[in-house]
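Here the structure is laid out as structure tokens; the discussion comes afterwards.
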Amino acid sequence: MSAHLVELGQGVFALADPARRFGHTNVGLIIDGDGLTVVDTTATPERGETARQQILELTAHLELPIKRVVLTSSRIPFSGGGNAFWASAFYGTEVTSDQLDAPPNPLAFRRLLPDFALSYDDDFSTRPITHTVSEAAWLSGAAFALPASGESAANLAVRVEGAAVVFAGALASFGVTPLAYEANVAAWIETLDGLRQLEPTIIPGHGPPGGDADVRDLIDYLTACVEADGDPSRIPPGPWDRWSDRRFDAVNVERAAGLARGIDEIPQAMFELLGL
């Protein structure tokens with residue numbers, strides 16, 4: 001991982017991955033008096049370790065431990081580097097905890113994230129959640145956790161009011177097509193509408209730091225997936241024409257159409273994407 005360090009406010013940083021492709025995720029860092037809070041861990045153990053070293057080099061003069069890691073989702077682009085932060089407490093929703101407790105599927109990860117296929121051998125594992133977050137709560141003096149429904153049945157965002165920043169993680173994707181195979185698309189749109197009103201700076205899981213206009217584009221894309229009514233070709237032209245990973249359109253449209261008909265199942269297009 002070759003991340004660009006972006007200072008967002010006093011003691012608040014993003015390790016922003018310059019590659020705008022699915023799986024190339026960002027990491028958040030919040031420095032508190034009692035220790036460091038990290039938001040998400042990247043997609044692989046190697047990238048997680050690189051992020052950890054970058055964080056330790058940045059904060060070496062403070063002699064503070066990495067006390068907390070917050071996972072915005074259980075999905076592998078956000079949780080795959082967790083073992084690099086094994087000594088830290090891990091925070092996530094109960095849904096994230098349950099999903100990380102299930103056996104991983106390295107074959108699916110290799111097919112979904114070909115850039116990192118060599119990292120997902122048969123012994124690959126993730127770090128389990130140690131502290132579940134079921135309601136909005138302060139995790140530290142600066143970090144405020146916000147459970148929300150959207151990309152997953154229960155995600156977490158982290159608000160840092162003092163820096164006017166929200167680490168949206170898996171809930172936001174700027175310049176990279178999101179993957180909604182288990183998403184509640186209507187709830188996701190509602191969550192995003194709320195997040196964009198909290199703070200002016202939004203750090204997405206994928207893509208560069210952004211703000212209201214970027215969130216609106218994502219809302220419009222998800223709305224277009226709903227209105228496509230099961231046919232990806234009905235997604236109209238828009239800002240998403242410049243996004244990477246449009247291979248996910250079929251999954252997202254099928255998921256939205258299924259939910260509209262009361263069908264809560266993983267789309268067949270997702271299985272086809274994975275070659276299953």
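Overview of results
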| quantity | calculated |
| --- | --- |
| Integer Hz, Karplus 6.51/-1.76/1.60 couplings in order for segment 158-172, x for Gly and Pro | 10, 9, 10, 4, x, 9, 6, 10, 10, 7, 8, x, 5, 6, 9 |
| Ranked TYR221, TYR91, criterion: other C-beta atoms within 10 Å, fewest first | TYR221, TYR91 |
| Segment ALA164-GLN53, length gained on full extension (0.36 nm per residue, minus Cα span) | 37.3 nm |
| Under DSSP loop assignment and at most 13 Cβ neighbours within 10 Å, longest GluC sites (Glu not before Pro)-free interval of the chain | 136-264 |
| Farthest toward positive dipole pole in the chain [+1 Lys/Arg, -1 Asp/Glu at C-beta], among GLY9, GLN54, GLY211 | GLN54 |
| Among beta bridges that DSSP assigns inside the chain, antiparallel share in %, nearest 5 | 65 |
| Where labels lie 7 Å past Cα in the beta-carbon direction, separation of THR132 and TRP86 in nm | 2.5 |
| Extension gain from ASP121 to GLN197, taking 0.36 nm per residue of separation minus the Cα-Cα distance | 23.2 nm |
| Helix-only CD estimate at 222 nm, as mean residue ellipticity for the chain, using -39500 (n - 2.57) per DSSP H run (n ≥ 4) | -8000 deg cm²/dmol |
| Segment 4-273, dipole about Cα centre (Lys/Arg Cβ +1, Asp/Glu Cβ -1), debye to the nearest 20 | 300 |
| Likely footprinting exposure, TRP240, TRP86, TRP188, fewest C-beta neighbours within 10 Å first | TRP86, TRP240, TRP188 |
| Whole-Hz ³J(HN,Hα) from phi, Karplus 6.51 cos²θ - 1.76 cosθ + 1.60, for segment 31-48, glycine and proline x | 9, 10, x, 9, x, 9, 10, 10, 10, 6, 10, 6, 8, 9, x, 5, 5, x |
| Spin-label pair HIS61/GLU46, simplified geometry with 7 Å Cα→Cβ offset, distance in nm | 3.3 |
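Only the coordinates and a few stated rules stand behind these numbers; no lab work does. Predicted model only: the values in this text are computed from it and were never measured. Cβ: placed from backbone, ideal geometry, glycine included. Neighbour counts: every protein chain shown.
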